[in-house]
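Here the structure is laid out as structure tokens; the discussion comes afterwards.
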Amino acid sequence: GEGYAYYKFYLPFTLYPAQDTFHINDTIHLHANFSDMLLDSNSLNYYKVENEPLACFFALDHLDTLGVISAFPNFTLIVDTGNTHPGGGPGQGLRLMQYLYINSRYKFHARLVPHKKGVYGFHLNSFSDQLVDFQNRCQSEAMDIFFTLNNSAESNYYLILQSPDTLIASTTKEVFDKTGGYAFYVIE
């Protein structure tokens with residue numbers, strides 16, 4: 001609308017090793033290290049987004065059960081760079097992320113260690129319409145944040161389609177991808 005600036009940013013994340021099967025006590029890394037010069041997908045301009053909170057969170061859910069059930073109890077979460085806080089959601093299943101902002105870069109690194117067999121889905125998300133003011137304009141500015149995981153490489157979307165939960169199985173590939181979705185097995 002008039003007097004309203006709206007931005008849409010995609011943040012790059014890496015989940016590695018990028019495989020569809022992990023063993024109990026393996027380590028799964030979640031990594032981000034990106035410049036504060038962010039490309040706005042709406043205007044195709046770059047903006048310096050300096051030390052904004054970038055209110056993002058991630059979730060880890062069971063894909064082999066009915067209902068959205070947090071799988072965090074089956075994992076140990078170790079945060080090496082940045083911070084996380086419990087963020088509510090189903091079964092307190094969201095982890096709010098706090099980036100380390102240093103030398104004009106946003107950084108985050110966490111490790112997930114699985115302890116139980118199962119089929120799991122990981123995704124990132126953010127609070128929509130976050131108010132910002134990095135152009136120092138008088139009008140309102142708001143941003144939406146989406147994600148690009150592993151440069152959009154294979155993320156095992158087929159496991160989503162196999163979920164017995166119809167709500168989970170109806171997740172489109174587009175939504176799965178822009179929320180940094182990743183699905184995987186954990187075996188003995």
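The values are calculated or read from the model by the stated rules, or taken from the named source; none is laboratory data. Everything numeric in this text was worked out from a predicted model, so none of it was measured. Cβ placement follows ideal geometry from the backbone for every residue including glycine, while neighbour counts extend to all protein chains displayed. For accessibility, only protein heavy atoms count, side chains too; no ligands or nucleic acids. Shrake-Rupley method; radii C 1.70, N 1.55, O 1.52, S 1.80 Å.
Here are the numbers for this structure:
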read-out	value
Accessible surface of the chain [probe 1.4 Å, protein heavy atoms]: carbon and sulfur percent	52
Using a Förster distance of 30 Å, the FRET efficiency for Thr65-Tyr16 (Cβ separation, nearest 0.05)	0.70
Chain lengthening between Asp26 and Leu44 when straightened (0.36 nm per residue, less Cα-Cα)	2.5 nm
Built amide H within the under 5 Å cut-off of Asp80, gap 5+	His109, Ala110, Arg111
Protein-only accessible surface order, largest first, of Asp36, Asp177 at 1.4 Å	Asp177, Asp36
The chain, helix-only ellipticity at 222 nm - DSSP H runs n ≥ 4, -39,500 (n - 2.57), divided by all residues, nearest 500	-1500 deg cm²/dmol
Unit charges on C-beta of K, R, D, E only; dipole of the stretch 1-61, Debye	100
Residues of the chain: accessible area per residue with a 1.4 Å probe, Å²	49
Percentage relative contact order, the chain, counting C-alpha pairs under 8 Å, at least six apart	30
Share antiparallel - DSSP beta bridges, the chain, percent rounded to 5	75
Point-to-point label distance, Leu161-Val113, nm (Cα→Cβ direction, 7 Å offset)	3.6
Relative contact order (%) - the stretch 34-104, alpha-carbon pairs under 8 angstrom, separation at least six	30
Contour minus Cα-Cα distance for Arg105 and Lys8 (0.36 nm per residue)	33.1 nm
Pairs beyond 25 Å (Cα-Cα), from Lys107/Lys173; Lys107/Lys178; Lys117/Lys178; Lys8/Lys48; Lys116/Lys173	Lys107/Lys173; Lys117/Lys178; Lys116/Lys173
